[in-house]
Amino acid sequence: MSNIRKAFANGKAFIPFITCGDPDLETTAQVVRAAVANGVDLVELGIPFSDPTAEGPVIQAANLRALTGGVTTEKIFDLVRDLRRDVTVPMVFMTYANVVFSYGSERFISTCAEIGIDGLILPDVPFEEKDEFLPVCRKYGVDLISLIAPTSAQRVAMIAREADGFLYIVSSLGVTGVRSHIDTDIPSIVSVVRENTDVPCAVGFGISTPEQAKKMADLSDGAIVGSAIIRLLAQHGRDAAPHVGAYVKRMKDAMR
Amino acid sequence: MTNPKGRFGVHGGQYIPETLMNAVAELEEAYDRYKDDPDFNRELTELLNEYAGRPSRLYFARKLTETLGGAKIYLKREDLNHTGAHKINNVLGQALLAKKMGKTRLIAETGAGQHGVATATAAALFGMSCVVFMGEEDTVRQALNVYRMRLLGAEVVPVKTGTATLKDAVSEAMREWTSRIADTHYCLGSVMGPHPFPTIVRDFQAVISREARQQILEKEGRLPDAVIACVGGGSNAIGSFYHFIGDAGVRLIGCEAAGRGVDTPETAATVNTGRLGIFHGMKSYFCQDEFGQIAPVYSISAGLDYPGVGPEHAHLHDIGRAEYVPVTDEEAVQAFEFLSRTEGIIPAIESAHAVAYAMKIAPTMAKDKILIVTISGRGDKDCAAIARYRGEDLHE
């Protein structure tokens, strides 16, 4: 069974997204540990990309801060090796296709398996292109996470049937970022997912408040939060860890 | 040459967010329905002829030929089209398609501003609303085009992210499309991005070589020895090459922007300095670092200042059917000035890259050889920037 399933074994999963190296890798390590200490179920680690086309301004800025700070794919592998000395919750990488492809898909994905990365989220790799990475992911036991969007319509069943790890349901049109309202019909997407797979599904994009997290988690198996956490990093920089810890606790408490 | 998934050899594909997949599927379906539809083509041809001023001239540049003293040089005058560049060919096609699809809003990216102006023009003509994304750096380099777009009723959004140039404008247009799909068509300006764009844009630009092939046969009774065009994303080049691809005797030469030189980091010569990657919806060659971060490319030409190249060009390079050569800023500026003085034709600085390479090879060729050089656009927009390059303090 995929290690990622463990994240969904104890009630609703809370999944934070953290851009590695924003503003430096020491801070990332502290923030991840603070998040884990406060009960996150799975950690989504972003490998920054120069041109993150699925991201809104908040995460774009985090990518820029991280790259300006000199972070590279290999330094992030070292960060994960360090985290895995004590962090046991599942961890996945979120990055763009070229970061993996350019490094060499086999070299990248085999390293993921070796250092304890359980899955890979590539927002610019839709169902039709997943064969670019899927065979290698399956060879090394790294789950290639599929995304479902508000516009997926008749595609939901097809995507769900072949899903590995968990399904990432994109809550809204557009790019990542905090939103005051989410008006996509999440229940009907989740019901098609349930008919086609027993892989768990979590909702992300636009979630920032405990109320939103609870609502989205109630409709699915978990909630993913990115921009709201990245804003704490933008605000507090190297001192962000306790702030992220406290935020995670509020979110997790609301979802219980 | 396109397989069902929009591949050109290993290149192409649809590397885009799931949110856009139904939008590109809808576009592909509409294009398949209309591309051979007689009414659609009649309407498009009428627009191209009556509104854009086609067919464009294939002009024998006698004085240029005599001055260089070698091969006969013909200029394919896309600069004479309405709006002053080849971009209108594609835009009229896509706008008409968008109208058939019931879309009421066009969005576009632009580098030099020519595609933005063309899109704003078509939007005005078709009564559609229009938003153009343009790198902030380019809005400064091409201030006049920003004004033209606004005059035509478009909203111009300066993009401040990344290098604030063409690649960032493409990223921002893609982001905008994911947030508003139902009424909006993304009128992509080059033979790049996810399938079906590279095929659609090529087909609409192929009018260049369809005409040029017939025109050269009428004038010379034979095919040219080479066709030369500048390549950024590559739309005027693929349009210039397309109907000659099957003619093995015709050399196809794409001129890339080398900026300050291919041995410097300040270059945009993708085929010459880049490597295989996945970006902006396609697999192709990209300028990038060892970890796959897209490089901040540079060229004096805002229209060629792009870190990638269209997938069909990448494939034509792989199979050896087309050659891609680097041309520096300095060579392009010299060609810009040379063509202005010898023929009284001021080419776009983009097109001047193609002229520069013709100036290199024409003198080495026999007088009975024939070159076709595509003048993809007119150079009025570049005069202030070239004056500044030459040290003259000229502002628009």
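Throughout, read-outs are computed from the coordinates displayed, never taken from laboratory work. On a predicted model such as this, the values are computed, not experimentally measured, just so you know. We place every Cβ from the backbone using ideal geometry, glycine too, and count neighbours over all the protein chains shown.
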- Message: Please compute one quarter of the surface area of the Cα convex hull for the protein assembly as shown and express it in square nanometres.
- Response: 27.7 nm²
- Message: Order these by the 10 Å Cβ neighbour count, fewest first: A:His236, B:His195, B:His11.
- Response: A:His236, B:His11, B:His195
- Can you give me the relative contact order of chain A as a percent, contacts being Cα pairs under 8 Å and 6 or more apart? 26 percent
- For the protein assembly as shown, what proportion of DSSP beta bridges, expressed in % and rounded to the nearest 5, is antiparallel? 20 percent
- Message: Using the crude model of +1 on Lys and Arg Cβ and -1 on Asp and Glu Cβ, and no other charge, please compute the dipole size for chain A relative to its Cα centre, in debye to 20.
- Response: 700 debye
- Item | Peptide-level mean, for B:159-166, of C-beta atoms on other protein chains within 10 Å | 2
- Task: Please work out the Cα convex hull volume for region B:111-263 and give it in Å³ per residue.
- Result: 152 Å³
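Quick check on region B:264-325: take the gyration tensor over C-alpha atoms, sort the square-rooted eigenvalues as a ≥ b ≥ c, and tell me if it's rounded (a/c under 1.5), prolate or oblate. Spell out each step's value before the answer.
Values: a/c = 1.69, a/b = 1.23, b/c = 1.37.
Judged from the Cα gyration tensor, region B:264-325 comes out oblate (a/c at least 1.5, b/c at or above a/b).
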- Message: If the elastic network links every pair of Cα atoms under 10 Å, which of A:Gly39, A:Gly21, A:Gly11 fluctuates the most in the Gaussian network model of chain A?
- Response: A:Gly11
- Message: Could you order the peptides B:88-94, A:40-46, B:379-385, A:248-254 from most to least packed, using the average number of other C-beta atoms within 10 Å per residue?
- Response: B:88-94, A:40-46, B:379-385, A:248-254
- Note on the structure: Relative contact order as a percentage, chain B, C-alpha pairs under 8 Å and 6+ apart, gives 20 percent
- Packing-ranked peptide list from B:348-361, B:150-163, highest mean Cβ count within 10 angstrom first, is B:348-361, B:150-163
- With the cut-off at 15 Å, report for region B:212-312 the share of all Cα pairs above it, as a whole percent. 63 percent
- Message: About the Cα centre, and with charges only on the beta carbon of Lys, Arg (+1) and Asp, Glu (-1), how big is the dipole of chain B? Nearest 20 debye, please.
- Response: 780 debye
- Message: Through the Karplus equation 6.51 cos²θ - 1.76 cosθ + 1.60, θ set to phi - 60°, convert the phi angles of region A:222-228 into ³J(HN,Hα) values in whole Hz; use x for Gly and Pro.
- Response: x, 10, 10, 10, x, 3, 5
- Query: Once amide H atoms are built 1.01 Å from N in the peptide plane, which residues 5 or more positions from B:Tyr324, or in another chain, come under 5 Å H to H?
  - Reply: B:Gly254
- region B:1-159, relative contact order in percent, only Cα pairs under 8 angstrom and at least six apart counted: 14 percent
- Query: Net charge near B:Ala212, counting Lys/Arg +1 and Asp/Glu -1 over other residues with Cβ under 11 Å of its Cβ?
  - Reply: +3
- Message: Can you tally the net charge around B:Thr328? Count Lys and Arg as +1, Asp and Glu as -1, for every other residue whose Cβ sits under 12 Å from the Cβ of B:Thr328.
- Response: -4
- Across 5 Å bins from the origin, how do the percents of Cα pairs in chain A run, short distances first? 1, 7, 15, 19, 22, 19, 12, 5, 1, 0
- Query: Could you work out the helix-only [θ] at 222 nm for chain B, with each DSSP H run of four or more residues adding -39,500 (n - 2.57) and the total divided by the number of residues, to the nearest 500 deg cm²/dmol?
  - Reply: -12500 deg cm²/dmol
- Task: Could you pull the Rg and Dmax for region B:1-100, using just the Cα atoms, both in Å?
- Result: 18.7, 56
- Of all DSSP beta bridges in chain B, what percent run antiparallel (nearest 5)? 30 percent
- For region B:257-396, rounded, prolate or oblate, judged on the Cα gyration tensor with a ≥ b ≥ c (square roots of eigenvalues), a/c < 1.5 rounded, else prolate if a/b > b/c? oblate
- Between the alpha-carbon centers of region A:14-43 and region B:288-358, tell me the distance in whole angstrom. 44 Å
- Please turn the phi angles of region B:294-303 into ³J(HN,Hα) values with the Karplus equation 6.51 cos²θ - 1.76 cosθ + 1.60 (θ = phi - 60°), one per residue in order, whole Hz, x for glycine and proline. 5, 7, x, 6, 9, 7, 4, 8, 5, x
- Message: Please report Rg (one decimal) and Dmax (integer) in Å for the Cα set of region B:306-352.
- Response: 13.9, 38
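What size of dipole, in debye to the nearest 20, comes out for the protein assembly as shown about its Cα centre when the only charges are +1 on Lys and Arg C-beta atoms and -1 on Asp and Glu C-beta atoms?
Approximately 360 debye in magnitude.
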- Can you pull a Stokes-Einstein diffusion coefficient for region B:202-257 at 37 °C (0.692 mPa s), Rh from Kirkwood over Cα pairs, as a whole number of µm²/s? 293 µm²/s
- Return the ratio Rg/(2.2 N^0.38 Å) for region B:337-396, where Rg is computed over Cα atoms only. 1.28
- Report the antiparallel proportion of the DSSP beta bridges in region B:232-390 as a percent, rounded to a multiple of 5. 55 percent
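Restricting things to alpha carbons, find the Rg to Rh ratio for region B:299-382 using the Kirkwood radius for Rh.
On the way: Rg = 13.7 Å, Rh = 13.9 Å.
Rg/Rh: 0.99.
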- Could you tell me the convex hull volume per residue, in Å³, taken over the Cα atoms of chain B? 127 Å³
- Task: Order these peptides, B:225-232, A:226-233, by their mean beta-carbon neighbour count within 10 angstrom, highest first.
- Result: B:225-232, A:226-233
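Let me confirm one metric for peptide B:6-19, namely the mean number of other chain beta-carbon atoms within 10 Å of its residues' beta-carbons.
6
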- Using alpha carbon centroids, what distance separates region A:98-138 and region B:168-207, in Å? 26 Å
- Per 5 angstrom bin, beginning at 0 and ending with the bin that holds the maximum distance, the Cα pairs of region A:56-196 fall in percents of 2, 9, 17, 19, 19, 17, 11, 6, 1, 0
- Taking the alpha-carbon centre of each part, the distance from region A:229-256 to region B:364-382 in Å is 60 Å
- Message: Suppose we take every Cα in region A:191-256 and form the convex hull; what volume per residue is that in Å³?
- Response: 85 Å³
- Message: Could you identify which residue out of A:Val31, A:Val193, A:Val87 has the top mean-square fluctuation in a GNM of chain A using Cα springs shorter than 10 Å?
- Response: A:Val87
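With viscosity set to 1.002 mPa s and temperature to 20 °C, compute the Stokes-Einstein D of region A:1-121, Rh being the Kirkwood radius across alpha carbon pairs; µm²/s, no decimals.
On the way: Rh = 14.5 Å.
My calculation gives 147 µm²/s for D.
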- Can you give me the pair-distance distribution of region A:106-150, C-alpha pairs, 10 Å bins, whole percents? 29, 55, 15, 1
- Query: Average partner chain C-beta neighbours within 10 Å, per residue of A:126-137?
  - Reply: 3
